[in-house]
Structures are given as structure tokens and as C-alpha cells.
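Asks: Here's a structure for you.
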Amino acid sequence: MSQHGPKLEVFLSRAEGEPAGTGLLQYFGEAATFMSGFVRPKFRGLGAYQALVKFRLGKLRERKVPYAVVLSKAKTSAPILMRNGFGKVCEFRTLERVVR
């Protein structure tokens, strides 16, 4: 990550003294990408993901970055992101396979 310098920030949220979730911001001039939002199963449904979203939006305001982009899952992350000001631009079909 050191090769990215100030263009990449990594955040860790904690709950009950434990790591609860992570989120990254990658900067591209006047825009940033929300990357790798993840919350441990134990802490899902308790606001940890939303806290990470709000914290990263605050970082963008501090740096005066006017645009943010994110790829999200339609049934999990997208509703939370849309409640925090993101709007849908397009949809992608994704494929998933569980390897056993």
C-alpha cells in the first residue's frame, strides 16, 4: 500500500473492543472510490457498515473531494449507500461460485 502514498487510506472500525469492519478510500483527483467495505458477520446489522460509510464521507469533505464512486451489492450495501446520498448510475450482473 505504501506505493499508493496519500492516494489510498485504510480504515478499521471497532466494536466491543474488537475489529468489526474495514473500508478503503482511493483518491483520483476530484474523485474517490469506496473500496473493500466489509463487516465481520458478528457485527452485521448493528450499524458498523453505515459508520464506515459516514466516516469516509467525512474524510472526503475534509479533503474537499466532491465525487465518490462505489460498486456495491444490490441487496446489502446499496440500500445503505443510497440512504447516505449515493445514487444508482448503472447495474452490473455478477456471477458467483462457491468452490467446494
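Bear in mind that the values in this text are calculations on the coordinates, not laboratory data. Since the structure is predicted, the reported quantities are computational estimates derived from the model, not experimental observations. All Cβ positions, glycine included, derive from the backbone under ideal geometry; neighbour counts span all protein chains shown.
Asks: Below 11 angstrom from the Cβ of LEU46, what's the summed charge of the other residues (Lys, Arg +1; Asp, Glu -1)?
Replies: For residues surrounding LEU46, the net value is +2.
Asks: Hey, another quick one. Compute a Gaussian network model of the chain, connecting alpha carbons closer than 10 Å, and tell me which residue from VAL89, VAL53, VAL70 fluctuates the most.
Replies: Judging by the Gaussian network model, the answer is VAL89.
Asks: Mind listing which chymotrypsin sites (Phe, Trp or Tyr not before Pro) in region 8-94 are in a DSSP loop and have 14 or fewer other Cβ atoms within 10 Å?
Replies: PHE92
Asks: Roughly how many debye, to the nearest 20, is the charge dipole of region 2-83 about its Cα centre, given +1 on each Lys and Arg Cβ, -1 on each Asp and Glu Cβ, and no other charges?
Replies: Its charge dipole is roughly 200 debye.
Asks: What does the charge count around LEU71 come to, taking other residues whose C-beta lies under 12 Å from its C-beta (Lys +1, Arg +1, Asp -1, Glu -1)?
Replies: Here the charged neighbours net out to +1.
Asks: Now for a different question. From the P(r) of region 57-99, could you give the percentage of C-alpha pairs in the tail past 15 Å?
Replies: It works out to 52 percent of all Cα pairs.
Asks: Using alpha carbons only, what's the Rg to Rh ratio of the chain with Rh from Kirkwood?
Replies: Rg divided by Rh gives 0.98.
Asks: Another one. Local charge sum around THR33 (other residues, Cβ-Cβ under 13 Å, Lys/Arg +1, Asp/Glu -1)?
Replies: Net charge around THR33: +1.
Asks: Run the numbers for GLU9 and ASN84: contour at 0.36 nm per residue of separation, minus the present Cα-Cα distance, in nm.
Replies: Length gained, GLU9 through ASN84: 25.0 nm.
Asks: How about the chain: which GluC sites (Glu not before Pro) there lie in a loop by DSSP and see at most 14 other Cβ atoms within 10 Å?
Replies: Here the GluC sites (Glu not before Pro) that fit, given the DSSP loop and packing criteria, are GLU16, GLU30, GLU91, GLU96.
Asks: Continuing with the same structure: What FRET efficiency comes out for the pair LEU95/ARG40, r = Cβ-Cβ distance, R0 = 22 Å, nearest 0.05?
Replies: So the FRET efficiency works out to roughly 0.30.
Asks: Could you work out how far the C-alpha centroid of region 8-23 sits from that of region 56-91, in angstrom?
Replies: If you average the Cα positions of each part, the centres end up 18 Å apart.
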